[in-house]
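Just below is one structure, and these are the notes that go with it.
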């Protein structure tokens, strides 16, 4: 049975991003990413997505927005 290196990289990707791989797994993933455009694009996408989620989760709502949302929710609930 042939093991596709991209499948293996997919298995390692989240832990690679979390920096929780063993040294050997880290080298394996890093080596594959260096030579595979497809997996490197997936890595960049995942990295960008994580950064976006961290940024948006940290942003505070403008004052009054929560009140407005609750007001709109109340309108929808009675409709």
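The values are calculated or read from the model by the stated rules, or taken from the named source; none is laboratory data. The shown structure was predicted, so the numbers you read here are calculated from the model rather than taken from an experiment. With ideal geometry, Cβ positions are generated from the backbone for all residues, glycine too; neighbour counts draw on all protein chains shown.
Some notes on this structure:
- Filter result for the condition that a residue is on the phi < 0 side of the Ramachandran plot, at pLDDT 95 or above and over 17 Å from the mean Cα position of the chain (by Cα), over 35, 74: 35
- Of the helices (runs of 4 or more DSSP H) entirely within the stretch 13-79, those holding at least 2 residues that are under 19 Å from residue 3 (Cβ atoms) occupy 23-35, 37-58.
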